[in-house]
Amino acid sequence: MRHICYISGTRADFGLMCSSLETIRDHPGLSVDVIATGMHLSPFYGETVREIEAAGLRVSARIPVPLEPATGATMARNIGRMTEAFVDSMEAGRPDVILLLGDRGEMLAGAVAGIHLGIPVAHVHGGERSGTVDESIRHAISKLAHLHFVATPESRERLVRMGEALEHIYVSGAPGLDGLTGIPPLDRVEVMTRFGLEPGKPFALMIYHPVLQETGNAERDTAAQIAALSAAGLQIMALKPNSDGGSDGVRAALDAAAGTHGLHVFAHLGREDFLAAMATADLMIGNSSSGIIEAASFGTPVVNVGWRQNLRERNANTADSEADPAALAAAIGRQLAHGRYPAFNVYGDGQAGRRIVEVLAGKTIDSALMHKFNRY
C-alpha cells in the first residue's frame with residue numbers, strides 16, 4: 001500500500017483538499033495521514049485541526065509554530081522551524097509521497113524536507129501566477145516537486161516553459177471544485193438567518209487577506225471595502241484573515257467596524273457553511289483565491305481587490321478593483337447591476353480528486369521521476 005502524507009497549515013488549504021484526501025483514504029491501494037501545523041493548532045483561529053479529525057483523517061503529527069507577531073520575519077523563521085520538524089516526522093513515518101497544495105510557507109518547508117529525504121513531492125495548483133510573494137513561493141515548490149497536479153492547461157504549459165517534464169504534469173482541475181455541483185439548492189433565507197443576517201436585504205461575503213509587500217495598507221484597504229459595501233446598501237459577512245504579515249491591520253479594521261455598517265465578523269466557518277454563504281451571497285469581495293476559483297461554480301459576482309490574485313486566470317464573474325473608494329464603488333455597482341453569472345468554471349469540472357488518486361496509485365516511482373533536471 002502506498003502511503004501519502006499531506007501537510008496542512010490553514011482552514012483554507014484543508015477545505016480545498018478535504019474531498020481529495022477522503023478519496024485517497026478510501027482507495028484500496030492508498031493510505032493517507034496529515035501533518036497539521038500553523039493556524040490549525042491555534043485556538044485564536046478556531047483550532048481547526050479538529051476538522052481534519054472529524055473528516056476521519058489521521059493526524060500523524062502536530063507541529064506548532066508561533067504566529068505572533070504577524071510579520072514577514074515570523075513567517076520566514078517558521079519555514080525553518082517547520083522544515084526541521086517535518087524531517088523528524090517524515091523520517092519516523094516514511095511516507096511514499098508528500099502531497100502539497102499551493103503557495104504557503106509550510107508547503108515550501110514540506111517540499112524541502114521531502115527532497116532531502118528522497119521522498120517524491122506532489123504539488124497541486126502549480127504553474128499559476130499572482131504577482132506577489134505567493135507566486136515566488138508557488139514556483140519554488142514546483143521546481144522542487146516531482147509530480148504536478150495543475151488546475152488548467154495554461155498552468156501546465158507554464159510549468160513546461162519553466163523546465164518541468166511534461167510526462168509528470170497532470171491537468172486535474174482544482175480540488176476545491178469537487179462536490180460543488182452536487183450541493184442541493186440552498187434556501188437563501190435559511191442561510192442568511194443561520195448567520196444572523198436580515199433576509200430582506202442583500203449581503204456580501206468579504207474575505208480580505210494581507211499582502212506581505214503592502215502590510216502598511218492592510219487596515220486602510222479593509223476599511224475602504226467595508227465603507228463601499230455599506231454605501232451600496234449591503235450587509236457584510238466577513239471572515240477574519242489568515243495569520244500572515246499584516247493580518248493585524250485587517251483584524252483592526254474589522255474589529256473597529258463590527259456592529260456597524262451591517263458588518264458581521266466570523267473567525268472561522270466550516271466548509272459547508274462557507275460554501276453556503278458563497279452560493280447565496282449577492283456579491284463576494286476581497287482577495288481570496290476562492291473568489292477567483294470556486295465562486296464561479298455558483299455564478300456569484302466577485303470584486304477582486306488589489307494585487308494578491310494578480311495575473312491568475314479569471315472566470316467571467318470576476319471584476320478587478322483597486323482599493324480606493326471610487327474604484328470600489330464603481331466595481332461593486334457594476335457587479336450588483338449584472339447579478340448572477342452562468343455557472344461555468346475554467347478551473348475544472350469537479351473531478352480533480354479522482355484524477356489525483358489515479359496518478360498517486362498508479363504512477364511508477366523510479367529514477368526517471370526522482371532525478372529532476374530542467375528540460376530546456
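The values are calculated or read from the model by the stated rules, or taken from the named source; none is laboratory data. Computed from a prediction, not measured in an experiment: that's the story for all the values here. Note that each Cβ is placed from the backbone with ideal geometry, even for glycine, and that neighbours are counted across all protein chains shown.
Residue by residue through the stretch 236-261, note down the ones that are in a loop (DSSP other than H, G, I, E, B) and surrounded by 20 or more Cβ atoms within 10 Å (Cβ to Cβ). If the condition is that a residue be in a loop (DSSP other than H, G, I, E, B) and surrounded by 20 or more Cβ atoms within 10 Å (Cβ to Cβ), then Lys240, Pro241, Asn242, Ser243, Asp244, Gly245, Gly246 are the ones that fit.
Only one entry in Ser172, Ser155, Ser130 is under 26 Å from Pro210 (Cβ atoms), modelled with pLDDT of 95 or more and small (Gly, Ala, Ser), namely Ser155.
Checking the structure you have, find out if any residue of the stretch 107-120 is of a type in the set (A, V, I, L, M) and not in a helix (DSSP H, G or I). So far as the stretch 107-120 goes, yes, one or more of its residues are of a type in the set (A, V, I, L, M) and not in a helix (DSSP H, G or I).
Does at least one position in the stretch 206-228 carry a residue that is more than 25 Å from Trp307 (Cβ to Cβ), more than 22 Å from the chain's Cα centre (by Cα) and in contact (Cβ under 8 Å) with a residue 24 or more places away in the chain? Scanning the stretch 206-228 turns up no residue that is more than 25 Å from Trp307 (Cβ to Cβ), more than 22 Å from the chain's Cα centre (by Cα) and in contact (Cβ under 8 Å) with a residue 24 or more places away in the chain. Gly200 satisfies every condition listed in (1) modelled with pLDDT under 95; (2) within 25 Å of the chain's Cα centre (by Cα) except (2). Cβ-Cβ distances below 8 Å connect the following pairs, each with a first residue in the stretch 233-256 that is free of Cβ contacts under 8 Å to residues at least 12 places away in the same chain, a second residue that is crowded, with 22+ Cβ neighbours inside 10 Å, and a separation of six or more residues or different chains: Arg251/Pro241. Annotation: of all residues in the stretch 5-23 being of a type in the set (Val, Ile, Thr) and surrounded by fewer than 24 Cβ atoms within 10 Å (Cβ to Cβ), the one that is nearest to Gly182 (Cα to Cα) is Thr23. In the stretch 146-164, of all residues being of a type in the set (D, E, K, R) and part of a helix (DSSP H, G or I), the one that is surrounded by the fewest Cβ atoms within 10 Å (Cβ to Cβ) corresponds to Arg161. Can you work out which of the residues in the stretch 345-376 that are of a type in the set (Phe, Trp, Tyr) and farther than 19 Å from Glu128 by Cβ is farthest from the chain's Cα centre (by Cα)? By that ranking, first place goes to Tyr376.
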